[in-house]
Amino acid sequence: MPFADLGLSDPLLRAVAEAGYDEPTPIQKGTIPPVLMGKDIIGIAQTGTGKTAAFVLPMIDILGEGRSRARMPRSLILEPTRELAAQVAENFEKYGKYHKLSMALLIGGVQMGDQVKALEKGVDVLIATPGRLMDLYGRGKILLTGCSLLVIDEADRMLDMGFIPDIEEICSRLPKTRQTLLFSATMPPPIKKLADKFLTDPKQIEASRPASANLNIEQRLIITTSAKKRDVLRDVLRHAEVRNAIVFSNRKTTVRDLATSLKKSGFKVGQIHGDMEQAERIAEFDRFKDGSITILVASDVAARGLDVKGVSHVVNFDVPWQPDDYVHRIGRRGRAGLTGIAITLATKEDAEAVAAIEKLTNTKIA
Ligand code: AMP
């Protein structure tokens, strides 16, 4: 099915074609037509399935009609992390280039002044992390009564991060007659409950199971010991086929230590972890994207959702504690037809965690 059959406007189709996409992904096929018809949606899809465009594209056409009013955003997108919020904003810019939509981004760790000014003028799209939004709302800077379209993205991650009470509060401040789209990689009971409470007769769309999104990734497991892990990592990274790599670790202290030790070994290394300011993280990520550094050491939350096209390798220095995190880490690789290699370093103690990952992804890691 081509994009043209989904009911999107011509200017939007032009922007999509210029982005280089030939065909909608399954979540886009399933989501775009009912969203355009005004339906509530539960989208079970993880990063890498094209889910961002699945809500951004129809939103652009819906918001293309009508006008914004001062301090009353017309739509709200909630994201768990600053990085994801920034990425959604980029998507609006990319696909919305033939529409005149105004947008504001409310995320922690960046200066608020310009964003507040934008809000005061009125915006069509407000993209926010729950904490920062509640903060401004509490200070009377935003009215949510004009917000008739709500997206709750990565709901399961919001749950992990303790944002559910904030989201409930936000939902209860929005107009009752609104359209709500909820996306989540998994549907644990608290998310199901949230959906029951705040969505009206939603249509549920499930993109391919988390793991099948990553089938074009070659996965490898290296069994080692804690003492030898660093040497093994260096060997892996020195391999000629490694053009660039993201190295994941479970702890931010390990992120720092690894970055320092790899630097000493002569690698061009950067790091991102949760303690860094947003601006620092973005700067580091930009250095990775432009090739000034070839190795990026990262923690899960900090790296969540980064759109790293063209990374040749993902190395898990630690086996993630949550099997979901494994899919998220390597999910960064296989999107949009790219192929790559994911290498996981594991010790005997990790046997259980590895088994949980293999069960979730339904594949045996070679
Ligand atoms: P997401 O799941 O939203 O994080 O998107 C994953 C990646 O897929 C992004 O890099 C998008 O640019 C890309 N993408 C989104 N839609 C399509 C499409 N229809 N065809 C090819 N790539 C796409």
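General remarks:
- Residue satisfying condition, being under 21 Å from the mean Cα position of the chain (by Cα) and open to solvent by less than 80 Å² (accessible area, probe 1.4 Å), within set Ala259, Ala245: Ala245
- Any hit, segment 98-108, residues being farther than 29 Å from Asp324 by Cα and polar (S, T, N, Q): yes
- Conditions (1) modelled with pLDDT under 90; (2) over 14 Å from Ala298 (Cβ atoms); (3) among the aliphatic types (A, V, I, L, M); number of the one not met by Ile282: (2)
- Screening segment 25-42 for residues that are within 15 Å of the ligand (Cβ to nearest atom) and open to solvent by 50 Å² or more (accessible area, probe 1.4 Å) and picking the one that is nearest to Glu206 (Cα to Cα) gives Pro26.
- Residue ID - modelled with the lowest pLDDT, chosen from residues in segment 89-107 that are open to solvent by 20 Å² or more (accessible area, probe 1.4 Å) and part of a loop (DSSP other than H, G, I, E, B): Lys100
- From the list Asp22, Asp61, Asp5, the one residue that fits, being among the acidic types (Asp, Glu) and either open to solvent by less than 40 Å² (accessible area, probe 1.4 Å) or in contact with a strand residue (DSSP E or B) (Cβ under 9 Å, 6 or more places away or on another chain) (or both), is Asp61.
- Selection within segment 43-65 - among the aliphatic types (A, V, I, L, M) and near the ligand (Cβ under 8 Å from one of its atoms): Ala45, Ala53, Ala54
The rows are residues; the columns are (1) at pLDDT 85 or above; (2) over 24 Å from the mean Cα position of the chain (by Cα).
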{"position": "Ala195", "(1), (2)": "yes, no"}
{"position": "Lys203", "(1), (2)": "yes, no"}
{"position": "Pro210", "(1), (2)": "no, no"}
{"position": "Ile223", "(1), (2)": "yes, yes"}
{"position": "Ser226", "(1), (2)": "yes, yes"}
{"position": "Lys229", "(1), (2)": "yes, yes"}
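- Those helices (runs of 4 or more DSSP H) lying entirely in segment 250-306 with at least 1 residues under 18 Å from Asp235 (Cα atoms): 252-264
- Scanning segment 64-86 for residues that are over 21 Å from Leu199 (Cα atoms), open to solvent by 10 Å² or more (accessible area, probe 1.4 Å) and touching a Leu at 6+ places or on another chain (Cβ under 8 Å) gives Gly64, Arg71, Met72, Glu83, Ala86.
The values are calculated or read from the model by the stated rules, or taken from the named source; none is laboratory data. What you see is a predicted model, and the numbers here were worked out from it, not measured in a lab. Using ideal geometry, Cβ is built from the backbone for each residue, glycine included, and neighbour counts are taken over all protein chains shown. The area values use the complete protein model at the heavy-atom level, side chains included, leaving out ligands, DNA and RNA. Shrake-Rupley method; radii C 1.70, N 1.55, O 1.52, S 1.80 Å.
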